[in-house]
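The values are calculated or read from the model by the stated rules, or taken from the named source; none is laboratory data. Given the structure is predicted, the values throughout are model-derived calculations rather than measurements. Heads up, the Cβs are rebuilt from the backbone with ideal geometry, glycines too, and the neighbour counts pull from every protein chain shown. When the accessible area is computed, the model is the full protein with side chains, heavy atoms only, and any ligands, DNA or RNA have been set aside. Shrake-Rupley method; radii C 1.70, N 1.55, O 1.52, S 1.80 Å.
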Amino acid sequence: MKSVFAGNKAKFAYFSFIFIIISTAMYTFYAKEPHWWHIVWNDILAVIPLFAAMLCEHYFSKKKAVPAVIFGFLWLLFFPNSPYMMTDLKYTSYFKESAYLEYEKIGTNVTAWLMVLNLTVTVILGLLFGMMSMRIIHKIINKRFGKVTGVAFCTITILLSSFAIYIGRYARVNSWDIVRPIFLIEKSLNSLSEFSPIFIAVFCIATAMLYVLYYAFDKFVIKHD
């Protein structure tokens, strides 16, 4: 168990949070927006699937099926919190009054640049946590059920995740709301609209592209623990 929390992936997560906290502190201090720390909470939710995947891998290697399945389910439940981080980019709309899309104006707006820095760090790292975790689970599925099942599993997971991102953003539900199934179903159904399939399709494509990029990077570049 110790090796799970002391391995290279875990160390990466720990150091990542140092950068997340520093960039968030810089923005909140300068912009005087203490409520902005919720962005760190989003990254905490995004890193949970990484540790869940590592624990799943640990118990799978020990041939302990029950805890491996439990942590695998926990991974599936929290994985959408990683690609969900892409929706946090909506906060750049805070600067619409100062025409932030015009380079000349954002060029002298320190607050805007600090937000861009913070969002870049938090979103990229949050996404990376998720892609790392999916790669771990993908390898487990490949070993246990074969490569075709592995591809099918990732495809279905990305589709479900995109739907989860939609209801997370528009129905305002969380991963832990699964313990309230009736509430979850009602909120999800009430949030559906003509926009739903478009949003889900876009996030399916975006998440799939991110994972394929990480898959290639992991396979050909990264030196594993």
So, in the range 176-190, of the ones that are β-branched (V, I, T) and within 30 Å of M54 (Cβ to Cβ), which residue ends up surrounded by the fewest Cβ atoms within 10 Å (Cβ to Cβ)?
-> V179
Looking across the range 180-198 at residues that are within 22 Å of the chain's Cα centre (by Cα) and of a type in the set (A, V, I, L, M), the single one that is farthest from Y166 (Cα to Cα) is L184
Check whether at least one residue in the range 28-43 is free of Cβ contacts under 8 Å to residues at least 40 places away in the same chain, in a loop (DSSP other than H, G, I, E, B) and not aromatic (F, W, Y), and report yes or no.
-> yes
So is L213 over 17 Å from T87 (Cβ atoms), among the hydrophobic types (A, V, I, L, M, F, W, C), surrounded by fewer than 12 Cβ atoms within 10 Å (Cβ to Cβ) and modelled with pLDDT of 95 or more or not?
-> yes
Those residues that are at pLDDT below 80, open to solvent by 30 Å² or more (accessible area, probe 1.4 Å) and part of a helix (DSSP H, G or I), I need them from the range 92-136; list them, please.
-> T92, S93, Y94, K96, E97, S98, Y103, E104, K105
In the range 177-225, how many residues are touching a Leu at 6+ places or on another chain (Cβ under 9 Å) and free of Cβ contacts under 8 Å to residues at least 24 places away in the same chain?
-> 1
Can you confirm whether the range 191-205 contains a residue that is modelled with pLDDT of 90 or more, open to solvent by less than 80 Å² (accessible area, probe 1.4 Å) and within 30 Å of S3 (Cα to Cα)?
-> no
How many of the residues in the range 1-44 are within 30 Å of F60 (Cβ to Cβ), open to solvent by 90 Å² or more (accessible area, probe 1.4 Å) and of a type in the set (S, T, Y)?
-> 1
Answer with yes or no whether L77 is touching a helix residue (DSSP H, G or I) at 6+ places or on another chain (Cβ under 9 Å), in a helix (DSSP H, G or I), modelled with pLDDT of 95 or more and over 27 Å from Y170 (Cα atoms).
-> no
Considering residues of the range 143-175 that are more than 16 Å from the chain's Cα centre (by Cα) and hydrophobic (A, V, I, L, M, F, W, C) only, the residue surrounded by the most Cβ atoms within 10 Å (Cβ to Cβ) | F153
